[in-house]
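What follows is a set of notes on a single structure, which appears directly below.
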């Protein structure tokens, strides 16, 4: 049985393939289109999955869509949303997803639609390996629900309580993100990273923006929120209560902005801890599954674990809407097969495209890029990479199947030495081209994590922060509050990345490398070898390792670098799909 799961028409559209009960592939459309957070129908991802699996469209038994477009439209209409800025009113057509699947994809088989938050919940629970779990999903908004509370057992998920739009923990966080001058739907990560630099001086004011009489109730004071605007999510009343003017995007970040970010993080954790305590009391389960965009706040996830109410916690690795494609596919499998697709924990997210050494060689040769060929001696390749890392070089690392989800996990990663006192600034400014305060994550050998990190369990997906307790000096991965967001690397799930870190450990007695996603600001993570070459040429990366080939930036022709820079800023060509979308408004894109 072949099932396709789809998330589309909001942000981060994605597609997955479940084949005979096995998740065999998943990829976001942005990785192919090179349009960050691409919301359009994931047609390229769909064709990739079919081609890789050797299937034709007639082999697909069902396509599962991650939300109910009729319920979504009812909320949009009831909210009097002003879409005057958008001359294309196709958002008024709830049949659009069905029609796209039929007419654009050309699929004539069965299509199933599932509620947004049920897809979120399924994307966590059915991949957790648990047979019983409490469920907490929290995001900006789905159809109407913004937070749902549930209890799952075997193949059944019961979402017994919900908080409805406009009352939303996610929209509270996004509104302050917007107020701080960061881009909604991506800047929330920045606010979380900025928070440790501040003091909780605005907690009292932020608490005035909502009420929460019980763990299952949450109400925004709409005197401060206007979610129908196109450029901002707050009213004129917000600045006076905060006694702070909105920050102009790209302007200097002052201490007051850091303090507001810290206060927001404190308030978010208070809300989530209360909700988790309530759901524990209600369900009595020892297991907790979390999903939705709020679940990507890894600092809050740490607080939930430290609360100690649950023996086991599983956070969906792709907790945002992209991962809902997996949940929809899992729900469809139950409907069609009468049973869960799996009772095993999803151990890795290496579910995207991969490229052979022959593919890579042909590309490098055709572009006349000078390279070192290590196909006959992979151990020597690792030693060469370690040589460059210990020499202070920044490595672009492109290996195997691409990760699914927001993080680079050692398949499409930028790597460097965590012991360097200058490396964080170097990576932020000249490589990633982003704000200087942004922290970097460590990738650590799983077998050595207890020696260096205050981490209770493995963390293969970078979904939780922890304290750094290493005897080594690790300034490049230690945040200002002494924390980090680690990836524990297993030999079982990524043997080549594990072997590289181990080679670095054998040389330096440091079992850790800096690991950040292989992209620069404003661009999706690289997908293909050509994407990697473009990013390499347009960044401060010193060495590119793609498959078993190593390329030294010093050997690149100047013309190649010029071409890479030009390609990185070129206007994306228009195609069959609409490419415009609102940049600020969270709820109605």
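The values are calculated or read from the model by the stated rules, or taken from the named source; none is laboratory data. For clarity, every value in this text was computed on a predicted model and none was experimentally measured. In this analysis, Cβ positions are derived from the backbone assuming ideal geometry, glycine residues included, and neighbour counts consider all displayed protein chains.
When residue 22 is tested against the conditions (1) within 14 Å of residue 326 (Cα to Cα); (2) without any contact (Cβ under 8 Å) to a residue 60 or more places away in the chain, the lone failure is (2). Answer yes or no as to whether residue 100 is out of contact with any helix residue (DSSP H, G or I) (no Cβ under 6 Å at 6 or more places or on another chain), assigned to a helix (DSSP H, G or I) and modelled with pLDDT under 90. No; evaluated as a whole, the condition is false for this residue. For residues that are buried (at least 16 other Cβ atoms within 10 Å of the Cβ) and farther than 17 Å from residue 297 by Cβ, tally how many sit in the range 180-200. Residues in the range 180-200 being buried (at least 16 other Cβ atoms within 10 Å of the Cβ) and farther than 17 Å from residue 297 by Cβ: 1 in total. Taking the criterion of being buried (at least 24 other Cβ atoms within 10 Å of the Cβ) and under 15 Å from residue 330 (Cβ atoms), the residues of the range 129-149 that qualify are 133, 135, 137. Among helices (runs of 4 or more DSSP H) entirely within the range 154-269, having at least 3 residues that are in contact (Cβ under 8 Å) with a residue 12 or more places away in the chain and within 29 Å of residue 466 (Cβ to Cβ) singles out 169-179, 188-194, 203-207.
Let's see how each residue does on (1) in contact with a strand residue (DSSP E or B) (Cβ under 9 Å, 6 or more places away or on another chain); (2) at pLDDT 95 or above:
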{"residue": "415", "(1), (2)": "yes, yes"}
{"residue": "421", "(1), (2)": "no, no"}
{"residue": "425", "(1), (2)": "no, no"}
{"residue": "429", "(1), (2)": "no, no"}
{"residue": "435", "(1), (2)": "no, no"}
{"residue": "439", "(1), (2)": "yes, no"}
{"residue": "445", "(1), (2)": "yes, yes"}
{"residue": "450", "(1), (2)": "no, yes"}
{"residue": "453", "(1), (2)": "yes, yes"}
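Answer yes or no: is there a residue in the range 77-85 that is more than 22 Å from residue 327 (Cβ to Cβ), at pLDDT below 95 and assigned to a helix (DSSP H, G or I). There is at least one residue in the range 77-85 that is more than 22 Å from residue 327 (Cβ to Cβ), at pLDDT below 95 and assigned to a helix (DSSP H, G or I). Looking across the range 326-369, the residues that are assigned to a loop (DSSP other than H, G, I, E, B), modelled with pLDDT of 95 or more and more than 20 Å from the chain's Cα centre (by Cα) come down to 338, 339, 340, 341, 342, 343, 344, 355, 356. Among the candidates 316, 322, 295, 261, the residue that is surrounded by 21 or more Cβ atoms within 10 Å (Cβ to Cβ), over 17 Å from residue 135 (Cβ atoms) and in contact with a strand residue (DSSP E or B) (Cβ under 6 Å, 6 or more places away or on another chain) is uniquely 322. No other residue among 204, 175, 148, 137 is over 23 Å from residue 278 (Cβ atoms) and touching a strand residue (DSSP E or B) at 6+ places or on another chain (Cβ under 9 Å) apart from 175.
To keep it simple, each residue is scored yes or no on (1) buried (at least 22 other Cβ atoms within 10 Å of the Cβ); (2) within 22 Å of the chain's Cα centre (by Cα); (3) in contact (Cβ under 8 Å) with a residue 12 or more places away in the chain.
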site: 497; (1), (2), (3): yes, yes, yes
site: 507; (1), (2), (3): no, no, yes
site: 521; (1), (2), (3): no, yes, yes
site: 538; (1), (2), (3): no, no, yes
site: 549; (1), (2), (3): no, no, yes
site: 552; (1), (2), (3): no, no, yes
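Checking each residue in the range 46-75 for being under 16 Å from residue 119 (Cβ atoms) and either part of a strand (DSSP E or B) or under 24 Å from the mean Cα position of the chain (by Cα) (or both) picks out 62, 63, 64, 65, 66, 67, 68, 69, 72.
Listed residues 128, 124; which is in a loop (DSSP other than H, G, I, E, B), in contact (Cβ under 8 Å) with a residue 60 or more places away in the chain and under 19 Å from the mean Cα position of the chain (by Cα)?
Values: 124 fails: in a loop (DSSP other than H, G, I, E, B).
Criteria check complete, one pass: 128.
Of the residues making up the range 325-348, those that are surrounded by 24 or more Cβ atoms within 10 Å (Cβ to Cβ) and over 19 Å from residue 132 (Cβ atoms) number 6.
Within the bounds of the range 374-383, is there any residue that is modelled with pLDDT of 95 or more and in contact with a strand residue (DSSP E or B) (Cβ under 6 Å, 6 or more places away or on another chain)? So far as the range 374-383 goes, no, none of its residues is modelled with pLDDT of 95 or more and in contact with a strand residue (DSSP E or B) (Cβ under 6 Å, 6 or more places away or on another chain). Is at least one residue of the range 243-256 assigned by TED's automatic domain parsing to the domain that holds residue 268, at pLDDT 95 or above, surrounded by fewer than 17 Cβ atoms within 10 Å (Cβ to Cβ) and over 29 Å from the mean Cα position of the chain (by Cα)? Yes, some residue in the range 243-256 is assigned by TED's automatic domain parsing to the domain that holds residue 268, at pLDDT 95 or above, surrounded by fewer than 17 Cβ atoms within 10 Å (Cβ to Cβ) and over 29 Å from the mean Cα position of the chain (by Cα). Considering the range 270-292 alone, what residues qualify as being more than 21 Å from residue 175 (Cα to Cα), part of a helix (DSSP H, G or I) and touching a strand residue (DSSP E or B) at 6+ places or on another chain (Cβ under 9 Å)? Matches in the range 270-292: 276, 278, 279, 280, 282, 283. The sole residue among 109, 123 that is more than 25 Å from residue 145 (Cα to Cα), at pLDDT 95 or above and either touching a strand residue (DSSP E or B) at 6+ places or on another chain (Cβ under 7 Å) or surrounded by fewer than 21 Cβ atoms within 10 Å (Cβ to Cβ) (or both) is 109.
Being modelled with pLDDT of 95 or more and touching a helix residue (DSSP H, G or I) at 6+ places or on another chain (Cβ under 8 Å) is the filter here; which residues of the range 219-232 pass it?
Residues satisfying the conditions are 220, 224, 225.
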